[in-house]
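Trainee: Here it is, the structure, as structure tokens.
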Amino acid sequence: MKRINARGIEETYFWGAQKTLDTLRDMEDLPCYKNVQKDIPQPTDIEFHISSVTHVTTKSGLDGILDSGGFKGGEKSLLWWGLAIDHDDIRVAEDRYLEKIFPDRTPEQRQMQKPFLSKFCTSPAFRKASRYGNFRFTFSLSDLLKMYSQQICGGEEPVLRVYGTTVYKQEIMYTVLVHSPGVRELEKYPVLNNGGDVFIYQEGTMVWRAQAVSETHAFQPVIHRPQVVEVEPFDCLYEYDKWYVWDHVTLAFHLPEGQTLRVDREKLMENLTACEAVDPFLGVRCVSNSYNCTCNCCHLHLSEAEYIVEQKRRDKQSDSNNRKAEIARYLSRQDIPPYPEAPEYHLSKVAHVTTKRGLDGILESGGFNGGEKSFLWCNLPVDDDDINAAEHRYLEKIFPDRTPEQRQMQQPFLSKFTTSPAFRKASRFGNFRFTFILSDLLKMYSQQICGGEEPVLRVYETVVYKQEIMYIVLVHCPHDNEFEKYPVLGDGSDDAVCGYRKGNVVWHAQAMSKTHAVGLAIDEVNQIVGTDSGCDEWYMWDHVTLAFHLPQGQTLQFDRKIVIENLTTCDADEMFIGVKCRYKGHECVRTCPCGKCLVPLATAEEIVEGIRCDYKTNC
């Protein structure tokens, strides 16, 4: 059938089919009909096994990917990738081709054989230059499918289908459709199996039986010596007699509206390279619609593209260096009064704080879903008993031989230092706090997400801001192999900042005061710790958070009674960093007219009381 594509060009499309060149030769109304009739000597049915794919975009596309932290679908919610073919792929395909046509070659004949296939692999499918822009992201196909499975398919295996064959005057494009098992509208396309004439999928590899690898033929294969392929120039009367067709395979990943296939920025930068942009340009059209583009987003010279990629890498490194310098400046300050070094907290509870909008979602779904990167984030609430116990440990550590009289003389002091956001009742994430016993939460996670197996706790990241240092503990299922690169969390008995021991997160707090109003005074003679005047100077503060991995589509379910029993309210900190309000650009500070973001504490308490009353009435 014929249709008009997004570029306004008419194309012929065969729905759900792999149409071979032999089939297309019999169809006179095709735009490629004259070209496929030509009898040009060439190697055919060359089998490539390709394990990497590539997505090429413009400068504006590059900025969008880096800003959003991943890839989004375009027209028809599809994200397009091509096969990334390198010299090794061509060499291996050549060996496979020779073994197929000459299975009985002698060692001497094999030695006489010189490389030849690369002279024919000249179509756009093999070129480093691209028709879609200057910026290329290259990923292992198996890694990409795994990310897609975890983020889009809820951990299930993606479905691969034959999307169709698209025919132009010289180009034949075969498309593999990749989608989540839950997308029923795409079930009309046939499943990709091992019986495909042109392409199949085998364990992380696309097997492509290329039928035409040269767009224009400058060479022809000849056999002057037994079972040895050589190359000679292809001479013809007219230049257009050298024109043929070329075929290639693309993959279209279905990304529903609003969903992003997220990739760590570091990995995006590692997999990014610059390439030359060539005509005909098929990417997102530039506003100037010309090759000499002035908007700096369409066609760029290769040197400009390489400079932009290098600048992106420098910016990333510069941000990292600036953060390190800022930390060093704070940590090396001499005007900060003395403070308790690394008091040890044993914290047995976790809390998840959210907005009114988040609260509604949790109550409607009956549990918690993962957010960005499929993580459910929890902080460690610290109460007065935790501070008193940490103070006792600290004193026993520095004065293990105190007398009963000295112990009795000791007055509480640690609470005067615990003033950072890690210890406050107010939250930077919203007004509604769910608090759970950590061991109970891990048990539910084990039963619902890990199939009864013990969750794995790992050291995920240390994230550094101007004044804040956040240590992240990752909690995941044992079969999530993508997280094995992160070290397993210890029990906190060493000098590590945090560990896990018998249902408690052990945290050796390094900086508990965002600003220092008091200083530490230690009386070595009487073995008593007290406080002295401070200076209200800014410093760093650290804390530990837990990121529970919840694959896309999975919910950590709770009985509604338990959810409501564990729900309390809290004041919202002015430094709001939760899910941003979408109310006409309104700034989320203290209160919000949308009623779904931040609310006054009294309003939050009324909301929670109403939820409890409704639950009792329904019961």
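The values are calculated or read from the model by the stated rules, or taken from the named source; none is laboratory data. In this text the structure is predicted, and so the values were computed from the model without any measurement. With ideal geometry, Cβ positions are generated from the backbone for all residues, glycine too; neighbour counts draw on all protein chains shown.
Trainee: Among the residues of the range 65-75, count how many are modelled with pLDDT of 90 or more and not hydrophobic (A, V, I, L, M, F, W, C).
Mentor: Of the range 65-75, the ones modelled with pLDDT of 90 or more are 65-66, 70-73.
Those left that are additionally not hydrophobic (A, V, I, L, M, F, W, C): 70, 72-73.
Adding up the residues that qualify gives 3.
Trainee: Applying the selection to the range 13-34, what residues are modelled with pLDDT under 90 and not in a helix (DSSP H, G or I)?
Mentor: Selection gives Y13, R25, D26, M27, E28, D29, L30, P31, C32.
Trainee: Would it be correct to say that V167 is closer than 19 Å to D22 by Cβ, surrounded by 20 or more Cβ atoms within 10 Å (Cβ to Cβ), modelled with pLDDT of 95 or more and among the aliphatic types (A, V, I, L, M)? Lay out the reasoning, then the answer.
Mentor: On the way: closer than 19 Å to D22 by Cβ: yes; surrounded by 20 or more Cβ atoms within 10 Å (Cβ to Cβ): yes; modelled with pLDDT of 95 or more: no; among the aliphatic types (A, V, I, L, M): yes.
Taking the combined requirement at face value, the residue does not satisfy it.
Trainee: Do any helices (runs of 4 or more DSSP H) lying entirely in the range 79-160 carry at least 1 residues that are surrounded by 18 or more Cβ atoms within 10 Å (Cβ to Cβ), and which ones are they? Write out each step before concluding.
Mentor: On the way: elements: 87-101, 107-112, 141-152.
Where helices (runs of 4 or more DSSP H) fall fully within the range 79-160 and carry at least 1 residues being surrounded by 18 or more Cβ atoms within 10 Å (Cβ to Cβ), they are 87-101, 141-152.
Trainee: Restricting to the range 408-432, and then to whatever is hydrophobic (A, V, I, L, M, F, W, C) and not in a loop (DSSP other than H, G, I, E, B), can you tell me which residue is farthest from the chain's Cα centre (by Cα)? Please lay out each step first, then the result.
Mentor: Quick first cut of the range 408-432, residues hydrophobic (A, V, I, L, M, F, W, C) only: 409, 413-414, 417, 422-423, 426, 429, 432.
From what's left, not in a loop (DSSP other than H, G, I, E, B): 409, 414, 432.
Details: M409: 55, L414: 41, F432: 28 Å.
The qualifying residue farthest from the chain's Cα centre (by Cα) is M409.
Trainee: Return the total of residues in the range 224-255 being part of a loop (DSSP other than H, G, I, E, B) and more than 23 Å from L83 (Cα to Cα).
Mentor: Taking the range 224-255 and keeping what is part of a loop (DSSP other than H, G, I, E, B), we get 226-227, 234-238, 244-245, 255.
Retained after the next criterion (residues that are more than 23 Å from L83 (Cα to Cα)): 226-227, 234-238.
Of the residues in the range 224-255, 7 are part of a loop (DSSP other than H, G, I, E, B) and more than 23 Å from L83 (Cα to Cα).
Trainee: Before we move on, is T462 under 28 Å from the mean Cα position of the chain (by Cα) and among the hydroxyl-bearing types (S, T, Y)? Break it down stepwise before answering.
Mentor: Details: under 28 Å from the mean Cα position of the chain (by Cα): yes; among the hydroxyl-bearing types (S, T, Y): yes.
Considered against the rule, which asks whether it is under 28 Å from the mean Cα position of the chain (by Cα) and among the hydroxyl-bearing types (S, T, Y), T462 comes out as yes.
Trainee: Would you pick out the residues in the range 495-529 that are in a strand (DSSP E or B) and exposed (fewer than 14 other Cβ atoms within 10 Å of the Cβ)?
Mentor: Let us first name the residues in the range 495-529 that are in a strand (DSSP E or B), namely 498-501, 504-508, 515-523, 528-529.
Hits for the range 495-529 are R501, D523.
Trainee: Here is a further query. If L268 passes every condition in (1) surrounded by 14 or more Cβ atoms within 10 Å (Cβ to Cβ); (2) part of a strand (DSSP E or B); (3) not acidic (D, E) but one, which one does it miss?
Mentor: Only one criterion is unmet by L268, namely (2).
Trainee: Let me ask something else. When Y539 is evaluated against the numbered criteria (1) under 18 Å from H352 (Cα atoms); (2) buried (at least 17 other Cβ atoms within 10 Å of the Cβ); (3) not polar (S, T, N, Q), which criterion, by number, is the only one it fails?
Mentor: The number of the failed condition is (1).
Trainee: Return yes when V245 is more than 19 Å from F116 (Cα to Cα) and touching an Asp or Glu at 6+ places or on another chain (Cβ under 9 Å) and no when it is not. Spell out how you get there, then give the answer.
Mentor: Working: more than 19 Å from F116 (Cα to Cα): yes; touching an Asp or Glu at 6+ places or on another chain (Cβ under 9 Å): yes.
Judged against the criteria, V245 is a match.
Trainee: Looking at the range 441-465, I want the residues that are assigned to a strand (DSSP E or B) and have a partner that is charged (D, E, K, R) with Cβ atoms under 7 Å, at least 6 apart or on another chain. Which pairs are those?
Mentor: V464/R323
Trainee: Do we find that A252 is at pLDDT 90 or above and surrounded by 13 or more Cβ atoms within 10 Å (Cβ to Cβ) in this structure?
Mentor: Numbers: at pLDDT 90 or above: yes; surrounded by 13 or more Cβ atoms within 10 Å (Cβ to Cβ): yes.
The answer is yes for A252.
Trainee: State which residue is modelled with the lowest pLDDT when the search covers only the range 542-556 and only residues that are crowded, with 20+ Cβ neighbours inside 10 Å and either farther than 30 Å from Y148 by Cβ or small (G, A, S) (or both).
Mentor: Across the range 542-556, the extreme among qualifying residues is D542.
Trainee: Just give me the residues in the range 161-208 being aliphatic (A, V, I, L, M), farther than 25 Å from C32 by Cα and not in a strand (DSSP E or B), in sequence order. If you could, list the steps in order and put the result at the bottom.
Mentor: Let us first name the residues in the range 161-208 that are aliphatic (A, V, I, L, M), namely 162, 167, 172-173, 176-178, 183, 186, 191-192, 198, 200, 206-207.
The next check asks that each one be farther than 25 Å from C32 by Cα; those that pass are 178, 183, 186, 191-192, 206.
Scanning the range 161-208 gives V183, L186, L192.
Trainee: Would you check if G204 is touching a Ser or Thr at 6+ places or on another chain (Cβ under 7 Å) and of a type outside the set (A, V, I, L, M)?
Mentor: Working: touching a Ser or Thr at 6+ places or on another chain (Cβ under 7 Å): yes; of a type outside the set (A, V, I, L, M): yes.
Against the criterion (touching a Ser or Thr at 6+ places or on another chain (Cβ under 7 Å) and of a type outside the set (A, V, I, L, M)), G204 qualifies.
Trainee: Identify all residues within the range 466-494 that are more than 27 Å from W538 (Cα to Cα) and in a strand (DSSP E or B); write none if there are none.
Mentor: Filtering the range 466-494 down to residues more than 27 Å from W538 (Cα to Cα) leaves 474-494.
Answer for the range 466-494, where residues must be more than 27 Å from W538 (Cα to Cα) and in a strand (DSSP E or B): L474, V475, H476, V488.
Trainee: Of the residues that make up the range 403-422, is at least one surrounded by fewer than 20 Cβ atoms within 10 Å (Cβ to Cβ) and within 16 Å of H352 (Cα to Cα)? Steps first, please.
Mentor: Our first condition is that a residue be surrounded by fewer than 20 Cβ atoms within 10 Å (Cβ to Cβ); within the range 403-422, this holds for 403-413, 415-416, 419, 421.
Next, only the ones that are within 16 Å of H352 (Cα to Cα) stay: 421.
Yes, the range 403-422 has at least one match.
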